[in-house]
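Report on the following structure.
No lab work stands behind these numbers, since they all come straight from the coordinates. From a predicted model like this one, the values you see are computed outputs, not experimental measurements. A quick note on method: Cβ atoms are made from the backbone with ideal geometry, for glycine too, and the neighbour counts reach across all protein chains shown.
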Amino acid sequence: MTTVHHAGCPQAISAATRPPGMPATGADLTQLISHLYLCEGLSTYRIGAVTGIDRQRVNRMLARVGVPVKPRGAGRRRPVGQDQVALDDVIQHLYTDCGLSSGEISTVTGIPQRTVRDRLRARGVRMRTKGRLNREDRVAVPAEALIRLYVSGGLSAADTGRLLGVSGQIVLRAAHDEGLPVRVGGPEPSRGPGEIELVRALYADSLVKQALARHNVAHRPAGGPIWQRFPTPVPVSAELAEELYVACGLSVRHIELLTGQPSETVLRLLRAQAITRRSVGGRSPFMRRWKAGLPTAPGSDPF
């Protein structure tokens, strides 16, 4: 077995400083590759580019002399210089203070978007959720105004929104987040269950409980805006979406309350499974059996 030399070894340095045009061969090539990987911290990709040999051959040569290769041939982590620290400060300022997305920061700085996000995570920056409107940035609507105009006053979501200077969709979203009854239609407000009661009923339902347990989805206490309950939405597979929608009879809004995934995301998963959506309006199968007092999972307030 060829001996591996580390930093300061004459053989490795000699191989690394060989005059141009004099190719390294045999043991010398092995020494050079080992030196570049162990002492210089180059990745196997970079070593392949420097030496002109195939990366897989680099891996085999390192393995032959007993050099452990990191996953994907990664080299040594380089110390962060002052220039890098200053650039990371700028990236963090653009993201947290100026509200730019990682894609916009990539355009401004010329750094790949994935690298931008990696550097932000390395600094412990909490990443915003993706989408046209970040869940954290949703417009806040005072609960008192919603109760006065939408619930007690009987105004439509659109009319309430016009008075408050927001869209009707934001009014409905805010009403959901505050646990207020949301009307399907008609002039009179329907006195439906509060959201906290609804979330607890969902968790208590035997079919829902079994589905969540099969897919390892943990319970989250009810109360507060949904983005606070789910800072990071629960990953929802197509199988879980289908089971909750078809077998458990939940609406897409109910699935959002249990996972934090936006209703549109759930709808896309259902469309990908070629599942026909129930007609808009009326009660979902879950709501019908809950309001009819059918048994769910006795005794169970999970909180």
Shape of the stretch 82-127, Cα gyration tensor, a/c cut at 1.5: rounded
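Only four residue types carry charge here, +1 at the Cβ of Lys and Arg and -1 at the Cβ of Asp and Glu. Report the dipole size of the stretch 82-127 about the Cα centre in Debye, rounded to the nearest 20. Working shown, then result.
On the way: 6 positive and 6 negative charges, 54 e Å.
The dipole of the stretch 82-127 has a size of about 260 debye.
Could you work out the local net charge near ILE53, counting Lys and Arg as +1, Asp and Glu as -1, over the other residues with Cβ closer than 14 Å to its Cβ?
Numbers: positive: ARG46, ARG55, ARG57, ARG60, ARG64; negative: ASP28, ASP54.
Value of the local net charge: +3.
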